[in-house]
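Encoded as structure tokens, the structure appears first; notes follow it.
The values are calculated or read from the model by the stated rules, or taken from the named source; none is laboratory data. This is a predicted model, so every value here is computed, not measured. In this analysis, Cβ positions are derived from the backbone assuming ideal geometry, glycine residues included, and neighbour counts consider all displayed protein chains.
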Amino acid sequence: MQTADIKTKAIVVRAVPYKESDMLVTLVGVDMGKLTATARGCLKRGAKLRYAAEPFNFGDYVLSGRNGRYVITECSQIESFHAITDDLDSYYAGCMVLDALGKLSDEPQPQLMLSALRTLGALESGQEDADRIVTKFLLELLSLNGNQLDFAHCNVCKCNIDGDAFFRDADGIVCEHCKGLNFIRIDAISRAYLAGGEQPDRRLRGEANAILAQLIYEMLGVRISTRYFTEQI
Ligand SMILES: [Zn+2]
């Protein structure tokens with residue numbers, strides 16, 4: 001069987017050294033979802049394609065190969081998002097975005113990819129706190145996967161929630177009266193922030209994001225496990 005070139009706009013979500021001077025690169029392509037490709041010889045001095053194997057690199061990739069075994073033959077960079085690595089908070093948040101995108105892209109998710117690119121751009125610009133940007137991304141991620149959450153109203157009795165909220169598998173966000181026996185508690189402070197309120201305390205924003213990560217695990221079965229959450233709490 002012949003091998004054909006594949007062209008795809010893709011971002012590097014992970015890269016590990018492989019053999020003497022290769023990198024094994026996990027890419028998420030806009031139209032292709034997640035795939036693994038080898039960047040041959042890219043650890044050698046002056047290697048032409050080294051940047052194509054750097055996490056965060058977004059570009060037009062040309063791959064050759066078939067049946068899930070690909071080699072990167074060309075890449076023209078669209079955006080490196082390199083400035084994200086200048087600030088530790090942005091860097092951890094950016095790694096979390098790549099991790100989430102990779103874990104949710106077994107099938108192509110063009111909308112989530114756009115959301116991830118927007119989020120990385122916001123982290124790079126540094127105009128807003130990293131944890132606020134993360135909150136927006138995680139809420140958008142849930143919404144794009146059919147799990148839009150309303151933290152202001154009970155999903156069963158429709159009352160305005162004014163205090164703690166509760167998450168139930170079958171019902172989503174519910175109030176104290178509708179919580180039943182099996183629930184995850186969302187404390188009043190996190191709830192108010194996730195409902196769109198202000199939260200001046202950075203640590204508390206981090207805690208709210210950790211709750212969102214737990215809800216993502218409950219609803220989508222994907223554990224976003226990067227240093228972002230452990231470093232903050
Ligand atoms: Zn209720």
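Counted as qualifying within region 122-233 are the helices (runs of 4 or more DSSP H) with 3 or more residues that are touching a Lys or Arg at 6+ places or on another chain (Cβ under 7 Å), namely 130-144. Within region 134-154, residues that are more than 18 Å from I189 (Cα to Cα) and assigned by TED's automatic domain parsing to the domain that holds E124 reach partners that are within 16 Å of the ligand (Cβ to nearest atom) and in a loop (DSSP other than H, G, I, E, B) with beta carbons closer than 7 Å, at six or more positions or on different chains, in the pairs L142/L149. The set of residues in region 75-104 that are over 16 Å from M32 (Cβ atoms) and over 20 Å from the mean Cα position of the chain (by Cα) comprises S76, Q77. Taking the conditions exactly as written (away from the ligand (no atom under 15 Å from the Cβ), within 30 Å of S80 (Cα to Cα) and surrounded by fewer than 16 Cβ atoms within 10 Å (Cβ to Cβ)), does Y228 satisfy them or not? The answer is no for Y228.
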